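For reference, the structure discussed in these notes is given below.
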Amino acid sequence: MHILYIHQYFAVPCGTTGTRSYEFARRWVKAGHKVTLITGYYDIGGLELGRGLVQKQIIDQINVVIVGTRYSNKQSYLRRAVSFLSFIFFSVYVGLLTKKVDVIYTSSTPLTVGIPAMVIKWLKRISFVFEVRDQWPEIPIELGIIKNKILIKILLWLEKTIYRQSAAIVALSPGMAEGIKQIIEVGKSVTVIPNSCDTELFRPDVDGSAVRKKYNWDDKLVFLHAGAMGKANGLDFVVEGAERLRDSQNVHFVIVGDGSERAALIDRANSLGLKNIEFLASKPKSELPGIVAACDVSMVIFANYPILEHNSANKFFDSLSAGKPILLNYSGWQRQILEENEAGYGCDLCNLDEFVEKVLYLNSHREELLEMGQNARRIATERFDRDNLASQALGVIESINT
């Protein structure tokens with residue numbers, strides 16, 4: 001079977017973002033299928049960008065086609081829109097020239113990646129699976145990023161059209177699946193396949209002592225957030241938590257990453273004179289295991305928008321793999337998993353009082369952290385194994401290709 005995989009933000013392990021499409025595609029190749037993956041250039045994806053509007057590379061036997069579209073989380077909204085639109089045209093062009101394709105697997109965001117999937121479907125008469133990583137346009141609408149009423153109507157129409165034209169839909173969380181089902185007709189297949197755990201890269205036996213020594217963390221209880229620093233991440237919440245806990249000398253917050261809000265967060269922490277929070281530069285994924293191993297508790301933080309509680313953030317699964325207790329500042333399906341398995345805690349969305357209370361509890365009950373971490377690792381291996389989830393996605397593809 002020849003699978004045409006369309007994902008604008010494709011990334012490889014040397015990048016600093018999630019590698020779901022890479023991990024799934026290489027497993028499908030290993031299972032005996034051919035995969036041609038169309039992507040743009042994402043500045044944190046780790047791809048090498050050469051010359052030409054269309055570049056072809058073989059990465060772990062995946063036929064990767066990089067089209068002349070650049071994207072960065074630091075771009076203005078206008079430049080991002082131009083990136084989305086140009087990717088539509090390039091991916092349609094490449095997709096139509098790709099021979100003997102049996103099925104299309106297209107992964108959002110952005111929502112607009114569904115357009116080339118539909119065009120190729122109509123012209124080549126082949127079906128496509130639509131994977132929803134974040135529910136668009138609902139998220140940017142709720143975050144106030146998209147305000148134009150006409151544009152909102154167009155995007156909501158496009159969302160429903162893509163769902164209806166797809167042969168099957170994959171959602172990354174139960175909440176996303178429920179949101180999709182409210183939009184589409186009864187009977188459409190929606191399969192929940194969350195992000196997976198990299199249990200080989202992130203492991204409990206990774207030694208983080210050198211990192212702790214380098215940053216002088218000593219006997220502090222270190223709470224780590226590693227990932228993007230944009231509006232949706234709401235990391236000012238951590239700065240507020242650090243301010244509330246400034247007199248708790250043994251509690252220390254660390255934020256690793258980059259994004260549009262990084263400079264403002266650092267300025268705010270400095271203006272408050274906080275010594276219990278520090279910001280580290282973004283790291284390649286290959287370096288993250290040592291940093292995660294050096295922390296005591298991993299945090300996953302989101303801004304105060306209820307739709308974000310349905311997320312399937314990579315850092316959550318990396319932390320499970322590393323065998324680290326996890327503290328969320330939100331509720332939802334991930335909180336349920338953590339608390340049912342005694343692997344961490346959640347909070348009511350952005351409830352600072354509850355968050356601070358959990359931080360202080362963990363600081364005064366450090367003897368519980370080891371067992372919580374062991375429970376986290378067990379969840380990673382039993383529920384979110386990458387081989388199993390890639391196989392489930394392949395099963396969805398095969399079901400529409402019979």
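Throughout, read-outs are computed from the coordinates displayed, never taken from laboratory work. Source: prediction; values computed, not measured. Neighbour counts are summed over all protein chains in view; Cβ atoms, including those assigned to glycine, are modelled from backbone coordinates with ideal geometry.
State which residue is surrounded by the fewest Cβ atoms within 10 Å (Cβ to Cβ) when the search covers only the stretch 378-402 and only residues that are in a helix (DSSP H, G or I) and touching a helix residue (DSSP H, G or I) at 6+ places or on another chain (Cβ under 7 Å). Ranking the candidates gives 387 first.
Listed here are the residues, each with its yes/no results for (1) under 19 Å from residue 179 (Cα atoms); (2) polar (S, T, N, Q); (3) more than 25 Å from the chain's Cα centre (by Cα).
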residue	(1), (2), (3)
122	no, no, yes
150	no, no, yes
155	yes, no, no
163	yes, no, no
166	yes, yes, no
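State whether the residues of the stretch 345-368 include one that is aromatic (Phe, Trp, Tyr), touching a residue at least 60 places away in the same chain (Cβ under 8 Å) and closer than 23 Å to residue 27 by Cβ. No, the stretch 345-368 contains no residue that is aromatic (Phe, Trp, Tyr), touching a residue at least 60 places away in the same chain (Cβ under 8 Å) and closer than 23 Å to residue 27 by Cβ.
Looking only at the stretch 118-137, which residues are outside any loop (DSSP other than H, G, I, E, B) and charged (D, E, K, R)? Residues satisfying the conditions are 121, 124, 131.
Does residue 123 satisfy being more than 26 Å from residue 228 (Cβ to Cβ) and of a type in the set (A, V, I, L, M)?
Yes; evaluated as a whole, the condition is true for this residue.
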